[in-house]
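Student: Quick one: the structure is below, questions incoming.
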There are 2 protein chains.
Amino acid sequence: MELRIDRQALVPVVQQIVDALVCWLHCNEVAPGVRLPAVRQIARINLLSQSCVLQACERLVVQGVLESRKGVGFVVATRELAVQVRQDDWWLQDAELKPGPASCELQLGCGGLPESWRETDDLSYAIRQVSRTDMAGLFNYSTSLGLPALRQQIRKSLEKLDINVDDSRVLTTAGASQGLDLIVRTLLKPGDCVVVESPGYPMLFDLLRLHGVSMLEVPRTPHGPDVCVLETLLLKHRPRGLFINSFHHNPTGCSLVPMVAQRLLQLTKQNDVLVIEDDVYADLHSGTGTRLAALDDSVIYVGSYSKTLSSSLRVGFVVAGAEVISRLAEVKMISSMGASRFCESVMTCLLANGAYRKLVQRQRQRLNTDRQATLQLLEDAGWEVFGKPVAGLFIWARSRTSDCAQVQAEARRHGVLLSSATAFSPVGEATDWQRINVACARDPRARAFFRATASNRPQAF
Amino acid sequence: MELRIDRQALVPVVQQIVDALVCWLHCNEVAPGVRLPAVRQIARINLLSQSCVLQACERLVVQGVLESRKGVGFVVATRELAVQVRQDDWWLQDAELKPGPASCELQLGCGGLPESWRETDDLSYAIRQVSRTDMAGLFNYSTSLGLPALRQQIRKSLEKLDINVDDSRVLTTAGASQGLDLIVRTLLKPGDCVVVESPGYPMLFDLLRLHGVSMLEVPRTPHGPDVCVLETLLLKHRPRGLFINSFHHNPTGCSLVPMVAQRLLQLTKQNDVLVIEDDVYADLHSGTGTRLAALDDSVIYVGSYSKTLSSSLRVGFVVAGAEVISRLAEVKMISSMGASRFCESVMTCLLANGAYRKLVQRQRQRLNTDRQATLQLLEDAGWEVFGKPVAGLFIWARSRTSDCAQVQAEARRHGVLLSSATAFSPVGEATDWQRINVACARDPRARAFFRATASNRPQAF
């Protein structure tokens, strides 16, 4: 049993062993009841200490993946549980591919930073701090708008993007997802129609479908939505709203340019269209850039810390006019009794002590290096790149020399998992463009995959 | 400035000072810019150490309530923030009264345990444990059904209530509130009608109104819903569902008896009515008692840890048939990307290491003593008690000798805040019955209030 352990990664070795063991169990479809190789054997083969391997196995016992049998050692737990762990991930496997131990493959199209990028120290410190000093944070409900101290910090960080609002216009949410859900369920009704970008964010499409809101597609260009198409759509269909992922657009990685932003706001103002700006990748950008919410204070702005600090804490926010905020807050309380006060306190601590600011600085630097390297890799492999992103997590690209089936086959051969070809289309149309997560693209499996697509014969010549 | 500090309470003294200072600022409507008395003076008057008072003031600076001015000391921060802290609590002040520092009054009708009952040690240990050892818990999304290890623990604890299901029928939610919201938005549609208990849970009424679902009232007797009225409602209106808070009913504190449970299930089965059993107070009961979900596996069961361990973590769950669970899980993911994995891991840890079991044992014992004492207090004051609850948090009672206005006036005079007279009615009808939280009723202010209502002259004789 050979485990993939990265001694440079910030993930503790024991956790890496846990992940690698789960991965090995799944990939080899190990049956329940089967005995694991002895701890000392696993340790020897992988040049690991026996105590690390033992700790990892014991954690898997707590998680219900292994059982410890006296005189036998560690055996795989009942099938029921093992199967569930897998089925349970159906969601993230499809639309928003998730990095993690549930799959062995490199998830080259995943929507967040890989676990090896995550940094434990500051987050763990803030968590211990709150758990020791903040009784209300440990036990109480939060307030309907969210913790005042957190909203104050959010307001301050928005000033850097030229979004100047007072705290009363900031509402915390359980991630951007709850923010979008509150907006849709409060401000739209079934039968309404809205404009969405294509390609765009798969979860938004699902959310709108769930609420019976119909979608009009505006093509995303490297500079923002195609404003000519937008104008036609607005005049012809009179939609109620426009959802836009202005910066580091998911999946293309491109950002809105000022001229498009201004034209877009002109059009939406003239046609009385609600603009919802999803800016969850904001902190992966070093410059300021023009946000729609900075140009027009009727724009509803959605942010999150899931993409940078932690997806587990579920902390996000919405900025809107006072009346909208109060309606959203009421629905938030009725439907969830507010966010986790503990998680809000932890986030406040990291924003106030400057640790979050330094974290995203490091992430940006590392992403810049990886993006350059990935663009080079893609060029060498003869891939076409959509608009050459200068910041953020994504590159949208397609092979010029291999067709879609060849690319998929090569990916599988190299242990690389690509995003679903239809995920980013509001109507489920297939594309040969791929969302490439630059933080995953320097993995040896990705390099080998890109090289292999280059050596395939072009189909059309 | 006299602060109310309880040296026996489990709440750390510094936190008590923080709460008492906020309380003092609000009650005295201290203007922004006003200087606080010197730290050494506050310490001397209240027999506290200066370092504790200083720490408390520094925390209030972080929270934006105070400002520290060089050469002046601590002054009250700008009005903007101070006002927000108050307005922000509008929600909980009304329907589900919340214990806490935002108000000075004793919230005799509040829906949870007071902060002085909360125990930090085990929770803080579990939080530190997860933050040190569980990388996925720190950073990743949870799975759509919730962490397998948590669902396993929930399944095991349900076995003690004779609810025997496999893990795949357990879905974690962000508190019972998200559970109820998912059920309503997934299984009901606007225009549907359902039966609710009267008096009943205010947030449920708001939730149903939010979704455009109309409510039929079934009176709650001390033994459960009035089944004769229920039968008439089912035959006449053909409602889609029935929501019931079977054990330690909110607000009456009474529990369903087996005979009523069986008749209720007969009726709902015959009429093809969905039964949703809200059992969030389950763990405050020492016996087992008959749950509807134990008698009939088509019943949808909702649970939570907010009432016992922590309202801040937002961990609850729903038990239902496999098909319903998979629909709820899909909506949960689309609308929130799942619960906080960190909070789920903390809860798993406390369930697995037995700390949660011991915590609720202590809470039950303490509640039993307090309930007996409160019932005696009420008897002495000539109050009528609804069905004499034997477990749980609530007593539903009204004064026989004072009318409603007199009771309200006495409450205010003694620094006691009662629940809104209309909160527990689905149609907002006023009642002279009061929800008494037994964990708050032994406070000297409550005793004095009850005694005062006894000495008022009866109106009718």
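Rule-based calculations on the coordinates, nothing more; no lab input. Note that the coordinates shown come from a computational prediction; the quantities given were computed from them, not determined experimentally. Heads up, the Cβs are rebuilt from the backbone with ideal geometry, glycines too, and the neighbour counts pull from every protein chain shown.
Student: Considering only the label points, 7 Å along Cα→Cβ from Cα, what distances in nm to one decimal separate B:ALA430 from the same position in each other copy, shortest first?
Tutor: 6.8
Student: Rounded to the nearest 5, what is the percent of antiparallel bridges among the DSSP beta bridges in the protein assembly as shown?
Tutor: Bridges in the protein assembly as shown that DSSP calls antiparallel: roughly 55 percent.
Student: Using 0.36 nm times the number of residues separating A:SER68 and A:SER214, minus their current alpha carbon distance, what extension gain do you get?
Tutor: Once the chain is fully extended between A:SER68 and A:SER214, it gains 47.3 nm.
Student: How about the range A:130-202: which trypsin sites (Lys or Arg not before Pro) there lie in a loop by DSSP and see at most 12 other Cβ atoms within 10 Å?
Tutor: Taking the range A:130-202 and a limit of 12 other Cβ atoms within 10 Å, the loop trypsin sites (Lys or Arg not before Pro) found are A:LYS160.
Student: Could you pull out every one of the lysines with an alpha carbon less than 29 Å from that of B:LYS156, ignoring same-chain neighbours closer than 8 positions?
Tutor: Partners found: A:LYS70, B:LYS269, B:LYS307, B:LYS332, B:LYS358.
Student: Please give the per residue volume of the convex hull enclosing the alpha carbon atoms of the range B:250-367, rounded to a whole number of Å³.
Tutor: 135
Student: So for the range A:327-461, what are the equivalent ellipsoid semi-axes in whole Å, largest first, each being the square root of 5 times an eigenvalue of the Cα gyration tensor?
Tutor: 38, 21, 12
Student: Residues of A:340-350, mean number of Cβ from any other protein chain within 10 Å of their own Cβ, rounded to a whole number?
Tutor: 4
Student: I've got another one for you. Note the distances from B:GLU379 to each other copy's matching label point, with points 7 Å along the Cα-to-beta-carbon direction, in nm, sorted shortest first.
Tutor: 8.8
Student: Next up: To the nearest 500 deg cm²/dmol, what mean residue ellipticity at 222 nm is calculated for chain B from DSSP H runs of n ≥ 4 alone, each contributing -39,500 (n - 2.57), summed and divided by the residues?
Tutor: My calculation for chain B gives -13500 deg cm²/dmol from helical runs alone.
Student: Next question. A:GLU379 to A:VAL229: FRET efficiency via 1/(1 + (r/R0)^6), r the Cβ-Cβ distance, R0 30 Å, to the nearest 0.05?
Tutor: 0.50
Student: Residues of the range A:306-328 with amide nitrogen under 13 Å from the 7 Å Cα-to-Cβ point of A:THR186?
Tutor: Correct set: A:317-328.
Student: On a 0 to 90 degree scale, rounded to 10, what angle separates helix A:148-159 from the longest Cα axis of chain A?
Tutor: Once rounded, one gets 70 degrees.
Student: Then there's this: Given labels modelled 7 Å from the Cα in the Cβ direction, how far is it in nm from B:GLU105 to B:ASN28?
Tutor: Result for the modelled spin labels: 2.1 nm.
Student: How far is it, in nm, from the label point at B:ASN46 to the one at B:GLN408 when both lie 7 Å from their Cα along the line to the Cβ?
Tutor: 3.3
Student: Using a simple spin-label model with points 7 Å from Cα along the Cα→Cβ vector, what separation in nm is obtained for B:ASN353 and A:LYS358?
Tutor: Result: 2.9 nm between the two label points.
Student: Then there is this: Which of A:PRO32, B:LEU54, B:GLY382 sits closest to the plus end of the dipole of the protein assembly as shown, meaning its Cα is farthest towards the positive end, when Lys and Arg get +1 and Asp and Glu get -1 on the C-beta?
Tutor: Farthest towards the positive end: B:LEU54.
Student: How far is B:ARG263 from the same spot in each other copy, in nm, shortest first, if each label point sits 7 Å from Cα toward Cβ?
Tutor: From this label point to the equivalent ones elsewhere in the assembly: 7.2 nm.
Student: Treating the angle as unsigned and between 0 and 90°, give the value, to the nearest 10°, between the Cα long axis of helix B:404-413 and the longest Cα principal axis of chain B.
Tutor: 30
Student: Then there is this: Calculated FRET efficiency, B:ASN368 and B:HIS237, Cβ-Cβ r, R0 35 Å, to nearest 0.05?
Tutor: So, using R0 = 35 Å, E works out to roughly 0.30.
Student: On a 0 to 90 degree scale, rounded to 10, what angle separates helix B:175-187 from the longest Cα axis of chain B?
Tutor: 40
Student: Using a cut-off of 13 Å between beta-carbons, work out the net charge of the residues near A:ALA441 (Lys and Arg +1, Asp and Glu -1, A:ALA441 not included).
Tutor: Computed value for this residue: +3.
Student: Can you find, among A:VAL302, B:MET333, A:SER116, the residue sitting farthest towards the positive end of the charge dipole of the protein assembly as shown, where Lys and Arg contribute +1 and Asp and Glu -1 at Cβ?
Tutor: About the Cα centre, the residue reaching furthest to the positive side is A:SER116.
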